[in-house]
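Input: a single structure, listed below in structure tokens.
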Amino acid sequence: MSTSSVDSTPLSLDQIRETLDVAWNCRRSDPHKTVLLSRRVLAQPLEDAELARATLCLGGGLLYQGEFNAAEPELQRALHLYNGMADQAGQRDTLNSLGIVRTRQCRPAEALDLLSQSRHLSVILGNVQGEADVLLNIGVVYSSVSDHPNAVHHHLLGLGLARKHDLPVLERRALNNLSVSYNDMGRHEDALEAATACLKIEAEDDSIRPLALRNAGYAHFKLGQFPEAQAMYLKASELLKDGNQVDIADLDLLLGRVAQQQGNLDEARHLFDRSLTICQKIGDEQGQVEGLLRLGILLGLTGELEEALSSLHRARTLAEQGQFCGELCEVHLTLSRLYRDSGHYHEALTHLGQHLQLKGELFSTESDQRLQSLRVQFELEQTERERLATQRRNEELSDLNARLQETNRDLQTAQAQTADLMARLEQYANEDALTGLPNRRAFNAALAGLSPTQQVSVVLCDIDHFKSVNDRFSHLVGDEVLRQVAALLRGRVRQGDLLARYGGEEFVLLLTGASEAATLELCEDLRRTIESYDWSTVRPEFRLTMSVGAAIAHLNPAALTAQDVVQAADDALYAAKDGGRNRVEISSKKLT
């Protein structure tokens, strides 16, 4: 399909997911719809999860359309995406679909390996429906190498799971698959019983019904019950009239064989011709070989030797080109018989020899495939033993992990407590315990963090005659005075300025970016705040004043450091004390 024919109307995420659900659920019953919906979603911008699912749906739709080679790269891309996301459910579905593709590509060992991985993931995920589905597909692989006992064994396992967990769709598939295996084994009565049981089960998905009718018809045919076989085939054809063309062509062949057995040779030829036309139209070379073979046999019976030989040689050429060894073997045998009956013994002997050679090669190939299936079966059993051992180890690890998580929680609690303690220690190291202000250590750290060319103001404040407060009223009162002074000063400084207790009754302010006028204004405000406060709340008739010294400068790493400014402020404070206290002095030094 060309990209231009895909509907690229934007879809919401919910619409994308809903569309993919519909596409996946109808992949067996309507694969063409699955392909269309998947390609519509793939035309949208997608995250990895939706891209993987859309690609899986496309591969699944192509698979059930019979386009196995086209399905394979899509499924490989989906598996790569799911592996990248570690999405086990997506991996399970993709491995299962790839296993079916490998089966149809006649690569049974690879198919069994992929399906065993899918089954293992189904068990891990607790997906009973998925496990039953994979068991049925494994049975189909064994059927493809004529290992019918193993095929029946896996179909019965799948049937048991389906019945135990009330999965009617899978129960029908299991019974249908059993009827195929029983027919292949020549157990046609058992095949008829299984197909009949399948037809009695009601399910919304009716895609299995025509297959079960076909299998029942084939069992009737092999039992010589031709009217019953014809009735079953006609019912299947009616259900498939708008469905898969490959299945329709196959039913025409089967109906033609019934007509031939009933002596309706004209009807048989019409059905064989119709089947051949369908196969030519859809490019089904294997179907063409089968149609030409049946037509050649019929023409031989009616004495139309040249047309019969022409039909059979066309079948031989197509079988050789397509490497359809089983069909080619039967064509050579039919040619041998036809040449023999017409008196051409040399040609008859030649084709008989080719038939026997191919039969030997097929036997060798089937033997190799059986050996491969035995090897894979051994690996499957080994994988199952390893799975059980892994499950036990995982249970032990889960218990250990729970204990480890508990230990980690205790450790995290201890680490949090340690971090809190360290934060509190850091706070204590930089905070004055009495006033709650930053201490001298914090002030020195702030000085060290200044830009070496920054404009700064340093203001030193000293409570006047504080020693007499301690001596007259006690140290407890002195402490209360220091706390109150700290609170008063904190309420007057600008946001972003640092106020710290410098030591004893001294406080220090570090201002950045303040002019000399602004610094002087702040200093006077601080001094007046202390002087005007009603200190009688501490002691009756108690008064308090404060002296302030300040220095303002632009720092210069070569000539002037922050410590130089602090020293200048200290000198100004001493000048304020010497000048009578309760005053502000700005450093008279030239600071540049």
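The values are calculated or read from the model by the stated rules, or taken from the named source; none is laboratory data. Everything numeric here is computed off the predicted structure, so don't read it as measured data. Neighbour counts are summed over all protein chains in view; Cβ atoms, including those assigned to glycine, are modelled from backbone coordinates with ideal geometry. Heads up: the accessible areas ignore ligands, DNA and RNA and are worked out on the full protein's heavy atoms, side chains in. Shrake-Rupley method; radii C 1.70, N 1.55, O 1.52, S 1.80 Å.
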**OP:** For Lys359, list the lysines whose Cα falls under 28 Å from its own Cα; do not include residues on the same chain fewer than 8 positions away.
**Re:** Lys222
**OP:** Tally up the carbon and sulfur contribution to the accessible surface of the chain as a whole percent, 1.4 Å probe, everything protein left in place.
**Re:** 49 percent
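Pairs of Cα atoms under 8 Å, at least six residues apart: use those to get the relative contact order of the chain, whole percent.
On the way: 838 pairs, mean separation 37.0, N = 592.
In percent, rounded to a whole number, it is 6.
When ligands, DNA and RNA are left out and all protein chains stay put, how many square angstrom of accessible area per residue does the chain have with a 1.4 Å probe? The partial results should precede the final answer.
Details: 30460 Å² over 592 residues.
Heavy-atom SASA per residue in the chain reads 51 Å².
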Subject >> Karplus 3J(HN,Hα) series, Hz, for the stretch 262-277 with 6.51 cos²θ - 1.76 cosθ + 1.60 (x for Gly, Pro) >> reply: 8, x, 8, 5, 5, 5, 4, 5, 4, 5, 5, 4, 5, 4, 5, 4
Original post:
Which percent of Cα-Cα pairs in the stretch 174-240 sits in each 5 Å bin, short to long?
Top reply: 4, 23, 30, 26, 13, 4, 0
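Explain nothing, just the number: relative contact order of the stretch 203-270, from Cα pairs under 8 Å at least 6 residues apart, as a whole percent.
That works out to 26 percent.
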Subject >> Formal net charge of residues neighbouring Ala486 (Cβ-Cβ distance under 15 Å; K, R +1; D, E -1) >> reply: -3
Subject >> Evaluated at q = 0.05, 0.13 Å⁻¹: base-10 log I(q)/I(0), Debye formula over Cα of the chain >> reply: -0.49, -1.32
Subject >> With DNA, RNA and ligands ignored, accessible area of Asp578 (1.4 Å probe; Å², nearest 10) >> reply: 130 Å²
Original post:
What percent do you get for the relative contact order of the stretch 75-184 when only Cα pairs under 8 Å and 6+ apart count?
Top reply: 19 percent
